[in-house]
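Peer 1: First the structure, then my questions, so here it is.
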Amino acid sequence: MMYLKDSFWISPQKSFEGNGITEYTPHSEIKYVAQEPDYSQHIPNGILRRMGKSVRMGVGAGLSLIKKHPHLDGILMASSNGAIEDSFKFLNQMIAYEEGTLTPTHFVQSTPNAPAGQLAMMSKATGYNITHVSTGLAFEASLIDAQMLFEEKAAKT
């Protein structure tokens, strides 16, 4: 049997203080923008300024959970589109510089597994580490993956 012990999310509502949504803000726009927490309490500034928004949000949410539950057997993440914003920046840079001298930062940060990798390095987790990226099926795939790890006795938590 598998149970979810905890969750954390960053959303257009103020939800990152650990108490769920603490105050409701009505929105009338088509695009909702996430209200992000102050990451500097958890992520060193040198690393923080190099992170794209999606990586920053993933690492910020993940670190909040890791601090509450430090004994990890692995890190499994799910993302519908990965770090697509940084992928676009890298592709636009390829066009602008005609595939010449490119800054590798956008490429490295455009990989969907960048948040899971950053979480592993920052928490010194050396166990199983994977990111599922498959639009609407990523969350389900990560749950199935976790279930298989438990059934194989490869993980306890």
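Peer 1: Collect the residues in the range 41-61 that are under 18 Å from Asn81 (Cα atoms) and either of a type in the set (Ser, Thr, Tyr) or open to solvent by 50 Å² or more (accessible area, probe 1.4 Å) (or both), keeping them in residue-number order.
Peer 2: Hits for the range 41-61 are Lys53, Ser54, Arg56.
Peer 1: Turning to a different aspect of this structure: Please tell me if Ser64 is modelled with pLDDT of 85 or more and surrounded by fewer than 14 Cβ atoms within 10 Å (Cβ to Cβ).
Peer 2: Details: modelled with pLDDT of 85 or more: yes; surrounded by fewer than 14 Cβ atoms within 10 Å (Cβ to Cβ): no.
Here the answer is no, as Ser64 does not meet what is asked.
Peer 1: Which one of these does Thr135 not meet: (1) under 30 Å from Phe150 (Cα atoms); (2) modelled with pLDDT of 80 or more; (3) open to solvent by 60 Å² or more (accessible area, probe 1.4 Å)?
Peer 2: The single condition Thr135 does not satisfy is (2).
Peer 1: Which residues, counting only those in the range 148-157, are outside any loop (DSSP other than H, G, I, E, B) and surrounded by fewer than 13 Cβ atoms within 10 Å (Cβ to Cβ)?
Peer 2: Of everything in the range 148-157, those that are outside any loop (DSSP other than H, G, I, E, B) and surrounded by fewer than 13 Cβ atoms within 10 Å (Cβ to Cβ) turn out to be Met148, Glu151.
Peer 1: Kindly provide the set of residues from the range 49-86 that are without any contact (Cβ under 8 Å) to a residue 40 or more places away in the chain and within 16 Å of Thr131 (Cα to Cα), ordered by number.
Peer 2: Arg56, Ala83, Ile84
The values are calculated or read from the model by the stated rules, or taken from the named source; none is laboratory data. Predicted model, so just to flag it, every value in this text is computed and none were measured. Every residue, glycine as well, gets a Cβ built from its backbone with ideal geometry; the counts of neighbours run over all protein chains shown. Remember, those area values only see protein heavy atoms, side chains included, never the ligands or the DNA or RNA. Shrake-Rupley method; radii C 1.70, N 1.55, O 1.52, S 1.80 Å.
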